[in-house]
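Visitor: First, the structure itself, so that you have it in front of you.
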Amino acid sequence: MDEFFSADGYAAGADGYDEMLDGDRLIRPHWQPLMAELGRLGPEDLVRHRQEMMKLLRENGVSYNIYGTPEGQHRPWQLDPVPLPIASDEWAAIEAAMVQRAELLNRILADLYGPRELIRQGLLPLELIYSHNGFLRPCDQIRLPGSHQLVVYAADLARGTDGRIRVIGDRTQVPSGMGYALENRATLSRVLPDLFRSNGVYALESFFQHMRDGLSALAPAGSESPHIVVMTPGPFNETFFEHAYLAAYLGYPLVQGDDLVVRDGHVWLKSLGGLQKVDVILRRVDEDYCDPLELRENSRLGVPGLLEVMRRGNVAIANPLGSGVLENPGLMAFLPGIAEYFGQALALPSIATWWCGQHRECDHVLANLSSMVIKPIHRTAGTRPVFGSRLSRVAQESWRERIKAQPALYVGQEEQHFSTVPSLTNQKLEPRHAVLRSFMVATKDGYAVMPGGLTRCAPGSKDLLVTSQAGGSAKDTWVLAPAHAALPLAAYGPEPASAMTDTPLPSRAADNLFWAGRYAERTEGTIRLMRIIIKGLFDQPGRSNLAYAPGMACLLQALTAMTGTYPSFLADNPPAPEPELRALAFDETRPGSLAHSLRSQLQASYAVRDLWSSDTWRIMDELEEQWIVAKRVNSPDLWQAMDLMDQLLISLSAFGGMAMETMTRGKGWLFLNIGRRLERAVLLLSVLRSAFSLQRPAEIESYLINALLDSSDNLIRNPFQHQPPGLEAFIEMLMFDDNNPRSLIYQFERLHEYIAELPAGCGDEHFHLTKQTMEALRRAHANGLLAATPTDTRLQLDTLLGNLSGMTYRISDALTAAYFRHEQSHPLSQAQAV
């Protein structure tokens, strides 16, 4: 073991507690097998494996969004390759103590929204509870079925300098992190499988089976096969990745507030098959946003009337609305007394806490402000603990005045230097302060504890604050089994459920899949035509062709028509080609541009993150990464744009192929491909109408035919390798050849086929429109469309293409009205009638 892994090369603080080294700077016994394996691996390999892990996390779209940072949305998740092992005997004590704490908080929650005996007995100050914004008065007397009101619970644990583990925070509203813990395990076990083979590490899968069982048990009486959903605020939430990941892993639909509606005393999911009754909601939306009717009236994330359905016992929510009151840090000061009231001694202490709503405690906090951590009793966005030791005298005095003005709203906690763990930074191991979030879920027999959890490390060696919002990294947390244990151990990471399962598809998800398909096709079509135009601009020999200038002008006008970026090249005084093409490629703010279409595709795809397979999502991530790299180039020229377009086209082709091969042929697959076929028809109609509705000299039309064949990258050129087709043959091929996957008739035949498989009961206008479109195409013939009027207008061709274009937009509108309008619910079937 070289210096990289030795105790001498690891600069743990002498005055603190280190998880790996004991007081004599010897490696603790339960760390020794791990460190021996890392020593055999070597520093260079470990650094390389960290890079592999980061690549895998990025490809899987694992992110934690930190608002207001340069990284913006989809900030990559940071995972350290060195795990945190916990000895089996210590974990057994932690597990028992955490179960006791969960049961205690569960009794407090039931009491606060029930008889409130703890307040009557003086064990909890009335002002501490009623001043907290997590105490929701409309939730009074609402109970979940069974004995457990606190369903999912997480506690932040940290070890102090004395070696004792304490609870520094309770998470009871929408505890986050278990999905990241699962992904940490999956990633590390793929990249470093030998570590798991040589260390007995408890697996995590059983915890999530307990979660499934526990949520099913919450369903109202009579629900034989409970319908459970995961409710998310949406793709802009900082932990949206986890919401999508958990929904896929647990096999539940991922829904937003506007996917749900309250009717006849029940909650219903607006799915493609009609209204589906919802029995249990695993919520990831903050409680005060869940019902704009009774809570936060300006919320657009919730479901009006949700609380009333809870009162009637027709839906269960985990965790129940109002459970956020338990996150009040002031409660920690009273937990030992409450535990004694129930005949117990609190096994795992909280960090020393003084609630300033009591005179004696407030005086103590004010007198010792320089050694306190000040926190408000309720968390709000952007607020962080204040370390008194880091305040100037002026700032300390300001805080004293603030506390004196509203003492009941603040607590003081003992400032602790948490234990450190070895983290891989700058190609060596360095100590970082760490916090472990432990997760529990209620079952019929009590609480099941995740064997491990989410360990987070501070970003810098001198940073005391350990939160995901502050940055830093995460660790896989290992609970080591005794040598004699014959229990399921971790070998390889768990996989989420396969994409497009048989769970009901929300209308919103179908809408996003439809537009993901449309934008993917729009992006690809724009790239294909722009590549040919840019090649023509740089093709010096081609400029000698007399048809070059008018042909290029026609192609530029076709690009404007296809992208809808009017007036552009259709203006009376069209712009210079190169700067306008650059804007059409890179201006994200311009609807119809390549950049706008690609960004829209990625946003629509991310909104249904839970429905893609892992491999498909890697392709989506590759698309985004290619675009991010391109945007870093200052003033890219058109030839650089060509390189980007080539890369994007490969990734888009892979996306289409992966979607065909990995998605089950369910409703989601149908809407994705309906979107693609519809958009391909729209693009082809616009190009054909722009290029050939006017009769031009034969050499110009030949130039256009060759250019459009090339834009298809030989997809449809094979029959004409040796002799370019005439216009009649070209039109026949692109409009009427039902064996050509790029022809109009092929698109409408597939549309008719897919639409016929959609759920009935939503109107049939879209079905009849596609049938009429096919019939109109079949009645037409290429040789009858090309006759021109004295003004050189091919009136029949222009009229047919115009009518078909109008019908495609009507098909799109009909689909939207039937399936995607969230303000209207679909008809109830007789089986669903209440």
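Visitor: What number of residues within the stretch 782-802 are exposed (fewer than 13 other Cβ atoms within 10 Å of the Cβ) and not aliphatic (A, V, I, L, M)?
Guide: Here is the first cut: in the stretch 782-802, the ones exposed (fewer than 13 other Cβ atoms within 10 Å of the Cβ) are 783-784, 787, 789-792.
Of the ones still in play, those that are also not aliphatic (A, V, I, L, M) are 783-784, 789-792.
Counting residues in the stretch 782-802 that are exposed (fewer than 13 other Cβ atoms within 10 Å of the Cβ) and not aliphatic (A, V, I, L, M) gives 6.
Visitor: Can I ask one more? For the stretch 20-35, name all the residues that are open to solvent by 20 Å² or more (accessible area, probe 1.4 Å) and either modelled with pLDDT of 90 or more or of a type in the set (S, T, N, Q) (or both).
Guide: Residues of the stretch 20-35 open to solvent by 20 Å² or more (accessible area, probe 1.4 Å): 22-30, 32-33.
Of everything in the stretch 20-35, those that are open to solvent by 20 Å² or more (accessible area, probe 1.4 Å) and either modelled with pLDDT of 90 or more or of a type in the set (S, T, N, Q) (or both) turn out to be Asp22, Leu26, Ile27, Arg28, Pro29, His30, Gln32, Pro33.
Visitor: While we're on this one: So Thr161 ticks every box in (1) open to solvent by less than 10 Å² (accessible area, probe 1.4 Å); (2) β-branched (Val, Ile, Thr); (3) over 23 Å from Tyr252 (Cα atoms); (4) at pLDDT below 95 but one. Which box is left unticked?
Guide: Among (1) open to solvent by less than 10 Å² (accessible area, probe 1.4 Å); (2) β-branched (Val, Ile, Thr); (3) over 23 Å from Tyr252 (Cα atoms); (4) at pLDDT below 95, the lone unmet condition for Thr161 is (1).
Visitor: I'd like the full set of residues that are surrounded by fewer than 20 Cβ atoms within 10 Å (Cβ to Cβ), within 12 Å of Lys375 (Cα to Cα) and of a type in the set (Gly, Ala, Ser), limited to the stretch 389-436.
Guide: Ala408 - this is the single residue of the stretch 389-436 that is surrounded by fewer than 20 Cβ atoms within 10 Å (Cβ to Cβ), within 12 Å of Lys375 (Cα to Cα) and of a type in the set (Gly, Ala, Ser).
Visitor: State whether one or more residues within the stretch 93-101 are surrounded by fewer than 16 Cβ atoms within 10 Å (Cβ to Cβ), within 19 Å of Glu340 (Cα to Cα) and modelled with pLDDT of 95 or more.
Guide: Within the stretch 93-101, the first condition is being surrounded by fewer than 16 Cβ atoms within 10 Å (Cβ to Cβ), and the residues that meet it are 93, 96.
Now restrict to residues that are within 19 Å of Glu340 (Cα to Cα): 96.
Keeping just the survivors that are modelled with pLDDT of 95 or more gives 96.
Within the stretch 93-101, one or more residues are surrounded by fewer than 16 Cβ atoms within 10 Å (Cβ to Cβ), within 19 Å of Glu340 (Cα to Cα) and modelled with pLDDT of 95 or more.
Visitor: Quick check on my filter: what residues within the stretch 563-592 are within 18 Å of Ser690 (Cβ to Cβ) and surrounded by 15 or more Cβ atoms within 10 Å (Cβ to Cβ)?
Guide: Thr563, Thr565, Ser568, Phe569, Leu570, Pro574, Pro577, Glu580, Leu581, Leu584, Gly592
Visitor: Could you run through the stretch 206-235 and say how many residues are closer than 30 Å to Leu41 by Cβ and surrounded by fewer than 15 Cβ atoms within 10 Å (Cβ to Cβ)?
Guide: Residues that pass the stated criteria total 1.
Visitor: From the residues in the stretch 164-194 that are over 20 Å from the mean Cα position of the chain (by Cα) and among the acidic types (Asp, Glu), which one is least open to solvent (accessible area, probe 1.4 Å)?
Guide: Here is the first cut: in the stretch 164-194, the ones over 20 Å from the mean Cα position of the chain (by Cα) are 164-172, 188-194.
Remaining after also requiring among the acidic types (Asp, Glu): 170, 194.
Values: Asp170: 9, Asp194: 92 Å².
By that ranking, first place goes to Asp170.
Visitor: Wholly within the stretch 424-543, which strands (runs of 3 or more DSSP E) include no fewer than the required count, namely at least 1 residues that are among the aromatic types (Phe, Trp, Tyr) and either modelled with pLDDT of 95 or more or over 26 Å from the mean Cα position of the chain (by Cα) (or both)? Talk me through it step by step, then tell me what you get.
Guide: Values: elements: 428-443, 446-449, 454-457, 473-479.
Because the criterion is at least 1 residues that are among the aromatic types (Phe, Trp, Tyr) and either modelled with pLDDT of 95 or more or over 26 Å from the mean Cα position of the chain (by Cα) (or both), the strands (runs of 3 or more DSSP E) in the stretch 424-543 that meet it are 428-443, 446-449, 473-479.
Visitor: I'd like the residue in the stretch 250-280 that is touching a residue at least 60 places away in the same chain (Cβ under 8 Å) and of a type in the set (Gly, Ala, Ser) and, out of all such residues, is surrounded by the most Cβ atoms within 10 Å (Cβ to Cβ).
Guide: Quick first cut of the stretch 250-280, residues touching a residue at least 60 places away in the same chain (Cβ under 8 Å) only: 250-256, 258-259, 261, 263-266, 268-277, 279-280.
Now drop any that are not of a type in the set (Gly, Ala, Ser), which leaves 251, 265, 271, 273-274.
On the way: Gly251: 14, Gly265: 14, Ser271: 23, Gly273: 17, Gly274: 20.
Checked the stretch 250-280; the qualifying residue surrounded by the most Cβ atoms within 10 Å (Cβ to Cβ) is Ser271.
Visitor: Hey, another quick one. So which of Glu297, Glu242, Glu238 is under 25 Å from Pro76 (Cα atoms) and open to solvent by 40 Å² or more (accessible area, probe 1.4 Å)?
Guide: Numbers: Glu297 fails: under 25 Å from Pro76 (Cα atoms); Glu242 fails: open to solvent by 40 Å² or more (accessible area, probe 1.4 Å).
Testing whether each residue is under 25 Å from Pro76 (Cα atoms) and open to solvent by 40 Å² or more (accessible area, probe 1.4 Å) leaves just Glu238.
Visitor: Can you tell me how many residues in the stretch 732-782 are assigned to a loop (DSSP other than H, G, I, E, B) and either touching a residue at least 12 places away in the same chain (Cβ under 8 Å) or within 16 Å of Leu678 (Cβ to Cβ) (or both)?
Guide: So in the stretch 732-782, the residues assigned to a loop (DSSP other than H, G, I, E, B) come out as 737-743, 756-764, 780-781.
The next check asks that each one be either touching a residue at least 12 places away in the same chain (Cβ under 8 Å) or within 16 Å of Leu678 (Cβ to Cβ) (or both); those that pass are 740-743, 756-759, 761-763, 780-781.
Qualifying residue count, the stretch 732-782: 13.
Visitor: Within the stretch 408-421, how many residues are in contact with a Lys or Arg (Cβ under 8 Å, 6 or more places away or on another chain) and closer than 30 Å to Tyr10 by Cα?
Guide: 5
Visitor: Output the residues belonging to the stretch 784-834 that are at pLDDT 85 or above, of a type in the set (Asp, Glu) and assigned to a loop (DSSP other than H, G, I, E, B).
Guide: Asp792
Visitor: Please work out which residue is nearest to the chain's Cα centre (by Cα), limiting yourself to the stretch 612-649 and to residues that are of a type in the set (S, T, N, Q) and modelled with pLDDT of 85 or more. Outline the logic, then answer.
Guide: Of the residues in the stretch 612-649, the ones of a type in the set (S, T, N, Q) are 613-614, 616, 626, 634-635, 640, 647.
From the residues that got through so far, the ones that are modelled with pLDDT of 85 or more too are 616, 626, 647.
Values: Thr616: 14, Gln626: 20, Gln647: 25 Å.
Here the answer is Thr616.
Visitor: Next question, about the same structure. Would you mind stating whether Arg676 is among the basic types (Lys, Arg), part of a helix (DSSP H, G or I), open to solvent by 60 Å² or more (accessible area, probe 1.4 Å) and out of contact with any Ser or Thr (no Cβ under 6 Å at 6 or more places or on another chain)? I'd like the intermediate steps shown before the answer.
Guide: Working: among the basic types (Lys, Arg): yes; part of a helix (DSSP H, G or I): yes; open to solvent by 60 Å² or more (accessible area, probe 1.4 Å): no; out of contact with any Ser or Thr (no Cβ under 6 Å at 6 or more places or on another chain): yes.
When the stated conditions are applied, Arg676 does not pass them.
Visitor: How do the pairs read when you match residues in the stretch 205-228 that are farther than 12 Å from Ile281 by Cβ with residues anywhere that are among the aliphatic types (A, V, I, L, M) and part of a loop (DSSP other than H, G, I, E, B), using Cβ under 7 Å and keeping only pairs 6 or more apart or on different chains?
Guide: Phe207/Met450; Gly214/Val151
Visitor: Does Arg609 satisfy the criteria of being at pLDDT below 90, closer than 18 Å to Glu59 by Cβ and open to solvent by 50 Å² or more (accessible area, probe 1.4 Å)? Write out each step before concluding.
Guide: Numbers: at pLDDT below 90: yes; closer than 18 Å to Glu59 by Cβ: yes; open to solvent by 50 Å² or more (accessible area, probe 1.4 Å): no.
Taking the combined requirement at face value, the residue does not satisfy it.
Visitor: What's the number of the only condition in (1) open to solvent by less than 20 Å² (accessible area, probe 1.4 Å); (2) of a type in the set (S, T, N, Q); (3) more than 24 Å from Pro697 (Cβ to Cβ) that Thr560 fails to meet?
Guide: If we test Thr560 against (1) open to solvent by less than 20 Å² (accessible area, probe 1.4 Å); (2) of a type in the set (S, T, N, Q); (3) more than 24 Å from Pro697 (Cβ to Cβ), just (3) comes out false.
Visitor: Follow-up question, since we're still on this one. Read through the list (1) open to solvent by 20 Å² or more (accessible area, probe 1.4 Å); (2) at pLDDT below 90; (3) under 17 Å from Glu753 (Cβ atoms), then give the number of the only condition that Met663 fails.
Guide: Every listed condition holds for Met663 apart from (1).
Visitor: Which one of these does Val386 not meet: (1) open to solvent by less than 30 Å² (accessible area, probe 1.4 Å); (2) touching a residue at least 24 places away in the same chain (Cβ under 8 Å)?
Guide: Condition not satisfied by Val386: (2).
Visitor: Got a sec? Which of Ala698, Ala641 is more than 17 Å from Ser605 (Cβ to Cβ) and crowded, with 19+ Cβ neighbours inside 10 Å? Talk me through it step by step, then tell me what you get.
Guide: Working: Ala698 fails: crowded, with 19+ Cβ neighbours inside 10 Å.
Just one listed residue meets the conditions, Ala641.
The values are calculated or read from the model by the stated rules, or taken from the named source; none is laboratory data. As the structure is a prediction and not an experimental result, all values here were calculated from the model. No Cβ is skipped: glycine too gets one built from the backbone with ideal geometry, and neighbour counts run over all protein chains shown. The protein model used for the area step is the full one, side chains on, heavy atoms only, and it has no ligands, DNA or RNA in it. Shrake-Rupley method; radii C 1.70, N 1.55, O 1.52, S 1.80 Å.
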